[in-house]
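The values are calculated or read from the model by the stated rules, or taken from the named source; none is laboratory data. Since the structure is predicted, the reported quantities are computational estimates derived from the model, not experimental observations. Here the Cβ is made from the backbone with ideal geometry for all residues, glycine too, and neighbour counts use every protein chain on show. We work out accessible area using only protein heavy atoms, side chains counted, and drop any ligands, DNA or RNA first. Shrake-Rupley method; radii C 1.70, N 1.55, O 1.52, S 1.80 Å.
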Amino acid sequence: MKKQRKTKQALAFLLSLVMCLSLLPGAALAAEGEAESVQIGIYTTTDMHGRVYDQNPVGGTWKNSYLKVASAMAEERAAMGGTILIDNGDLLQGSTIMSHNINLEAGENNPAALCLRYCGYDAFVPGNHEFNFSLDVQNKFYDLLTSTDETLPGKAVPAVCANLLDETTEEVAKPYVPYVIKEFTVGEKTFKIGVLGFENMNVPNWDLPSHYEGMIFGHKANEEQSFAYEWTNYWQAKLRDEEKCDIVIVAAHSGEGSASDYNKENQLAHLVANTTGIDMVIAGHNHTVGTSTMSNKDGKSVPCVNGGSSSLTKTVLTLNADGTFAFGESSIIDLGAYADDAALKELIKPAYEKASAFVNESIGTLAGTWDQVNTYHSVQGDSYDLVHKAQLWAAKADVSITTPVPKRNVDGIEGSFKLANLFKDGAETASISLKDCYNLYQYDNNLLYGIEMTGKQLKAWLERGAENYTVDAEGKISGGGFGTDIAYGINYDVYLGEEAGSRIQNMTLADGTAVTDDMKLKVALSSYRLSAGEGNDAYGWWATTGITSTSDEVYYDASTSPEFGAIGGSVPLIVGEYIKEMCKDGKAIEPGSATHWTIHAGKSGETAEAEKPADTELETALAWAKETKLLTEDEAAAFAPEKSCTRAQMLTYLWRAAGSPAAAADSENTFADVAADAEYYQAVLWAVEAGITSGTSDAAFSPEAPVTRAQAVTFLYRLANAPAAAEGVSFADVAAEAYYAPAVNWAVEKGIASGVSETVFGVKDQCTCAQVMIFMFRSANTAAEAK
């Protein structure tokens, strides 16, 4: 056994030695004067997103890791007359190995830098995801990447970027260099090949200003923020005239885009079409594998390659002793066809093992029935309610906002990951780990912030998101998606049939208090939402608030907090900390929402055909309501079953059911929000006299607030003179001492209401008009049966 281990170690050493020898300048070139031409291989990777090992700690095997790049390049270097290897960015973010290193080890001994060094890259061009992290983390990465310390594996790799500039001097910012030049000699001719790097111009639209503090992404005079401007005005003369480059390659972390339509995010084709002097371009960012050619301003064909996050590209360049050269065919090398480099795997193994142990350990237990939608056309789910609750808990906020960003097709299950997936074979409980938190919220580069926002700003934020939905002729709703935020901590309804600016309605806090324009709210949200600014505002977040990560309105930054600074303030890790806290002492987390929101195709008060519930009990209840005059003819015609029923509306129904009695002459209205001329005035006075309600406070009734399920059954219970009911109805969200506990017991026993799941009643969920009418109908039948 010891002999076998020593043999493996010797082989690993020899492989490393061969790798190092192959990296020597001109090592594979023919001797001067011996060849008329030499073939150089230009190789690229892009968007590898932390694939520094063969195994993914959250499950599965990577077929396109740097371990395979190392093996492929060992073969290619042996076969070619010379090589240039370029990585086009988006490396630091995307795997739990990198997340563990950055969030829990502050980026020390960064495994991504070790991989690039070992593989022998000649240039690293940063991608936008490198700016997901603090300058401290970035600098540690670049320090290791570019170090000339001979005890480190491989060789130093320059960080190449020509448009990352010092804001004051407009010189290329450190630690970047604008380009590198590789030289190859054929006969008596020495070719100079320049590799120029460009970062995506759109980074300020995605990342916190503190992550690129003191830097700008292009010269100030470059108002269009185009690569073409940078090349024409600064780098073409530098590389062609001063450096005397025979060949220029531009590697830009940008998609190909269109030659005719400028797009700041994806502008490679625009660059080529509007310039001369560039011989080859390397694309990335859009995760699209491919090779193509583009025409430059003079009609010359320029090859373009894009490894697309999964492949190694190869472009053959023939250099001739007479000074001519020719680009040959570009191809895509399937990394999956190569074995893993054993020595690199051994080098990265400790980082993998630490990350794997970290993410796979159970951190809590789930119980109950998860992800059951139980109200008409709600897209609210228990899984993201849990994310919201964690954000509220950590930031001590009133409201949480986010876009659902789960991973798809996890563990062979089609569709987006949700916590219901964790329950196996009908089990009543399920273990949950940080792996599941990463699957639920895949962007570990999102940090948690807290900002102060007014009710007006919050409504505007949600209004902007509502613009992303569409309704077809049949009333079917589609759209939404990334950038369309949902909120928790408030109740609200979205009516897509209303005019823009009036689609968000019935906004209330969890206790039913109406959200007013000038109300101050603490809002928990991710750092991504604070990265926008003037001119960089893809989702309209900045336009609705004017708040950035450096604004005075920011009251909380999890990355610097004593509670979560040690885990980098990362949202999925904070979700994990919340689960640990909730599951202390052997407890389990059950689903249940304190607030609710709905979305509808039509206007408020209308019911689109696609939204009408096929509920015969509701039809019967409505017929009963019309017959007993609980609903007027006009109200019955306009009845919207899916709309949230207000407190005033339900008490008006109850008042009518009691015969519409007049209030006593000496009745006093103590509620500042109930006007004497309100149509529900008499109903409210009656309800107070009858002991059905006492308001939401001594001075407020909150007439327009949606009635909650707990309030609804309590009103009915008190109207029935608080009859005795069996005890012991078990719901996780019904405390024995709660004012509504007897009402819930009674309602469930009499079949008037049931829980939203077997273990959750949904005490704070809004009641729709349909639910209120059915509850009243069942209550009336219960009373009739008792006589």
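State whether the residues of segment 720-733 include one that is assigned to a helix (DSSP H, G or I), modelled with pLDDT of 85 or more and more than 17 Å from residue 645 (Cβ to Cβ). Checking segment 720-733: not a single residue is assigned to a helix (DSSP H, G or I), modelled with pLDDT of 85 or more and more than 17 Å from residue 645 (Cβ to Cβ). Restricting attention to segment 67-91, the residues that are among the charged types (D, E, K, R), touching a strand residue (DSSP E or B) at 6+ places or on another chain (Cβ under 6 Å) and open to solvent by 10 Å² or more (accessible area, probe 1.4 Å) add up to 2.
Picking from 576, 565, which residue would you name as being within 21 Å of residue 104 (Cβ to Cβ) and open to solvent by less than 10 Å² (accessible area, probe 1.4 Å)?
576
Once segment 635-688 is narrowed to residues that are of a type in the set (Lys, Arg) and part of a helix (DSSP H, G or I), the residue that is most open to solvent (accessible area, probe 1.4 Å) is 656.
Filter segment 181-202 down to residues that are open to solvent by 20 Å² or more (accessible area, probe 1.4 Å) and in contact with a strand residue (DSSP E or B) (Cβ under 9 Å, 6 or more places away or on another chain) and give me whichever is nearest to residue 230 (Cα to Cα). Lay out the reasoning, then the answer.
So in segment 181-202, the residues open to solvent by 20 Å² or more (accessible area, probe 1.4 Å) come out as 181-183, 185, 188-190, 192.
Those left that are additionally in contact with a strand residue (DSSP E or B) (Cβ under 9 Å, 6 or more places away or on another chain): 181-183, 185, 189-190, 192.
Details: 181: 19, 182: 22, 183: 24, 185: 30, 189: 30, 190: 28, 192: 21 Å.
For segment 181-202, the residue satisfying everything is 181.
Taking the criterion of being farther than 22 Å from residue 282 by Cβ and either free of Cβ contacts under 8 Å to residues at least 60 places away in the same chain or open to solvent by 40 Å² or more (accessible area, probe 1.4 Å) (or both), the residues of segment 321-336 that qualify are 322, 324.
In segment 115-127, which residue that is open to solvent by less than 10 Å² (accessible area, probe 1.4 Å), on the phi < 0 side of the Ramachandran plot and in contact (Cβ under 8 Å) with a residue 40 or more places away in the chain is nearest to the chain's Cα centre (by Cα)? Walk me through it before giving the result.
At the first step, the residues of segment 115-127 found to be open to solvent by less than 10 Å² (accessible area, probe 1.4 Å) are 115-117, 119-121, 123-127.
Now restrict to residues that are on the phi < 0 side of the Ramachandran plot: 115-117, 119, 121, 123-127.
From the residues that got through so far, the ones that are in contact (Cβ under 8 Å) with a residue 40 or more places away in the chain too are 115-117, 119, 123, 125-127.
On the way: 115: 27, 116: 27, 117: 31, 119: 31, 123: 30, 125: 24, 126: 21, 127: 18 Å.
Within segment 115-127, the match that is nearest to the chain's Cα centre (by Cα) is 127.
Each row is one residue, and each column tells you yes or no for (1) without any contact (Cβ under 8 Å) to a residue 24 or more places away in the chain; (2) touching a strand residue (DSSP E or B) at 6+ places or on another chain (Cβ under 8 Å).
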{"site": "555", "(1), (2)": "no, yes"}
{"site": "560", "(1), (2)": "yes, no"}
{"site": "566", "(1), (2)": "no, no"}
{"site": "582", "(1), (2)": "no, yes"}
{"site": "585", "(1), (2)": "yes, no"}
{"site": "627", "(1), (2)": "yes, no"}
{"site": "646", "(1), (2)": "no, yes"}
{"site": "660", "(1), (2)": "yes, no"}
{"site": "664", "(1), (2)": "no, no"}
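Answer with yes or no whether residue 230 is among the charged types (D, E, K, R), under 16 Å from residue 270 (Cα atoms) and at pLDDT 95 or above. Even if it seems obvious, please write down each step before you answer.
Numbers: among the charged types (D, E, K, R): yes; under 16 Å from residue 270 (Cα atoms): yes; at pLDDT 95 or above: yes.
Yes; evaluated as a whole, the condition is true for this residue.
Applying the condition of being open to solvent by 30 Å² or more (accessible area, probe 1.4 Å) and among the hydroxyl-bearing types (Ser, Thr, Tyr) to segment 473-514 and asking which residue is farthest from residue 643 (Cα to Cα) yields 478. Of all residue pairs spaced 6 or more apart or on separate chains, those with beta-carbon atoms under 7 Å, a first member in segment 613-625 that is under 21 Å from residue 653 (Cα atoms) and among the aromatic types (Phe, Trp, Tyr) and a second member that is part of a helix (DSSP H, G or I) and modelled with pLDDT of 85 or more are 624/777.
Residues in segment 694-719 that are open to solvent by less than 50 Å² (accessible area, probe 1.4 Å) and at pLDDT 90 or above: 7 in all.
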